[in-house]
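Everything below concerns the one structure shown next.
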Amino acid sequence: MIRKPIFAANWKMNNGASATEDFIKSFLSKIQGENLPCDIVIAPPFISLPKLADLLHNAATGQNAHAIQIAAQNCSQFDSGAYTGEISVLMLREFFVHYVILGHSERRAIFGETAATINAKLKKAREGNLKPIFCIGETLAEREAGQLETVLRTQITGGLDGVSEKDLAETVIAYEPVWAIGTGVTATSQQAQDAHAFVRSVIAELYGAEAAARIRIQYGGSVKPGNAAELMACPDIDGALIGGAALEPQSFLEIIRNGSATAE
Ligand code: PGA
């Protein structure tokens, strides 16, 4: 296996510090003694990062804690200064944050993030040595209008504009069809595989075959314990970005277990 599967929990605006503590204690006790051949990442709200960092990097919680890496759900494209409400990459690094979710469809649709903003954030994240989880995906209207490939290509070229091959190697792509996010409707494994293969082919055009073969592409959108195995068995799917089903330790663990069992 050249690509290690990566399962990331995107908690969105759920789980403050005390709920984070409850989740992590329960999750760590559940993964005790498990051999999970994948990367496990948790992206809590900013306000819960200190608690998460403390729990995972404090010897008291034991060595299992090191199996989990921390992600932020966003970062600023600026270093510091008069940007009310923003959080910089360096601030995130103080709390052992290694990944950052960028370009999520909720950021694009609700907060108006453009391709240029996402691209600036992605470059800033790499400058500070964070690994971007770069999200792309089409709406139902775009899919039905036959625009799937155009939309994905535009998002990829916009988000990765000027990003070096070296920085791409530290980037994860998350393909998340917008119509499958939080709706309970999952893409069929064929729809997901086709989109992933297309994304990989665009990366091959832009960066060459080797970079394309190496990049991890997660699927996101109503991933559950019951559909993880089938999705992860697809050759171009290398893990999952999970919202709702990652709010509960048992269901997050079952997705990781079922998904990493079939990941190729
Ligand atoms: P969902 O969210 O698993 O609740 O569909 C996925 C995401 O938005 O990353």
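The values are calculated or read from the model by the stated rules, or taken from the named source; none is laboratory data. Remember, predicted model here, so these are calculated numbers, not experimental data. Using ideal geometry, Cβ is built from the backbone for each residue, glycine included, and neighbour counts are taken over all protein chains shown. Surface accessibility is based on the protein's heavy atoms, side chains included, excluding ligands, DNA and RNA. Shrake-Rupley method; radii C 1.70, N 1.55, O 1.52, S 1.80 Å.
Taking the stretch 244-255 as the search range and keeping residues that are open to solvent by 40 Å² or more (accessible area, probe 1.4 Å) and over 14 Å from the mean Cα position of the chain (by Cα), which one is farthest from the ligand (Cβ to nearest atom)? Step by step, filter the stretch 244-255, then rank; the result is GLN250.
Every residue, every condition in (1) out of contact with any Ser or Thr (no Cβ under 7 Å at 6 or more places or on another chain); (2) away from the ligand (no atom under 13 Å from the Cβ), yes or no:
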position: SER164; (1), (2): yes, yes
position: THR171; (1), (2): yes, yes
position: GLY184; (1), (2): no, no
position: ALA187; (1), (2): yes, no
position: ALA195; (1), (2): yes, yes
position: PHE198; (1), (2): yes, yes
position: SER201; (1), (2): yes, yes
position: ALA204; (1), (2): yes, yes
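Among the residues making up the stretch 98-124, those that are away from the ligand (no atom under 16 Å from the Cβ) and more than 14 Å from the chain's Cα centre (by Cα) are GLY112, THR114, ALA115, ALA116, THR117, ASN119, ALA120, LYS121, LYS123, LYS124.
Criterion applied to ASN227, ASN258 was being assigned to a helix (DSSP H, G or I) and either open to solvent by 50 Å² or more (accessible area, probe 1.4 Å) or within 9 Å of the ligand (Cβ to nearest atom) (or both), and the one residue passing it is ASN258.
Can you pull out the helices (runs of 4 or more DSSP H) entirely within the stretch 1-117 that have at least 3 residues that are out of contact with any strand residue (DSSP E or B) (no Cβ under 6 Å at 6 or more places or on another chain) and either loosely packed, with under 13 Cβ neighbours inside 10 Å or touching a residue at least 60 places away in the same chain (Cβ under 8 Å) (or both)?
Details: elements: 17-31, 49-56, 89-93, 105-110.
Passing ranges, in order: 17-31, 105-110.
Looking across the stretch 214-224, just one residue is of a type in the set (Lys, Arg) and part of a loop (DSSP other than H, G, I, E, B), and that is LYS224. Has the stretch 232-243 got any residue that is within 24 Å of THR157 (Cβ to Cβ) and within 13 Å of the ligand (Cβ to nearest atom)? Yes, some residue in the stretch 232-243 is within 24 Å of THR157 (Cβ to Cβ) and within 13 Å of the ligand (Cβ to nearest atom). Residues considered: ALA43, ALA82. Of these, the only one that is within 16 Å of the ligand (Cβ to nearest atom), at pLDDT 95 or above and either closer than 22 Å to PRO132 by Cα or not hydroxyl-bearing (Ser, Thr, Tyr) (or both) is ALA43. Figure legend. Inter-residue proximity from the stretch 249-264: first residues under 11 Å from ASN227 (Cα atoms), second residues part of a helix (DSSP H, G or I) and open to solvent by less than 60 Å² (accessible area, probe 1.4 Å), beta-carbon distance below 6 Å, spacing 6+ or different chains. Indicated pairs: GLU254/PRO225; ILE255/PRO225; ILE255/ALA228; ASN258/PRO225; ASN258/ALA228; ASN258/ALA229; GLY259/ALA228; GLY259/MET232. Of all the listed residues (ALA120, ALA209, ALA145, ALA115), the sole one being at pLDDT 95 or above and under 22 Å from ARG3 (Cα atoms) is ALA209.
Confirm whether GLU138 is touching a residue at least 24 places away in the same chain (Cβ under 8 Å), charged (D, E, K, R) and surrounded by fewer than 17 Cβ atoms within 10 Å (Cβ to Cβ). Spelling it out, it is not the case that GLU138 is touching a residue at least 24 places away in the same chain (Cβ under 8 Å), charged (D, E, K, R) and surrounded by fewer than 17 Cβ atoms within 10 Å (Cβ to Cβ). Filtered by the rule that a residue be open to solvent by less than 40 Å² (accessible area, probe 1.4 Å), among the small types (Gly, Ala, Ser) and either part of a loop (DSSP other than H, G, I, E, B) or in contact (Cβ under 8 Å) with a residue 40 or more places away in the chain (or both), the stretch 150-205 gives GLY158, GLY159, ALA174, ALA180, ALA187, SER189, ALA192, ALA195.
One residue is enough: does the stretch 124-135 have a residue meeting the conditions out of contact with any strand residue (DSSP E or B) (no Cβ under 8 Å at 6 or more places or on another chain), of a type in the set (Lys, Arg) and farther than 19 Å from LEU168 by Cα? Checking the stretch 124-135: not a single residue is out of contact with any strand residue (DSSP E or B) (no Cβ under 8 Å at 6 or more places or on another chain), of a type in the set (Lys, Arg) and farther than 19 Å from LEU168 by Cα.
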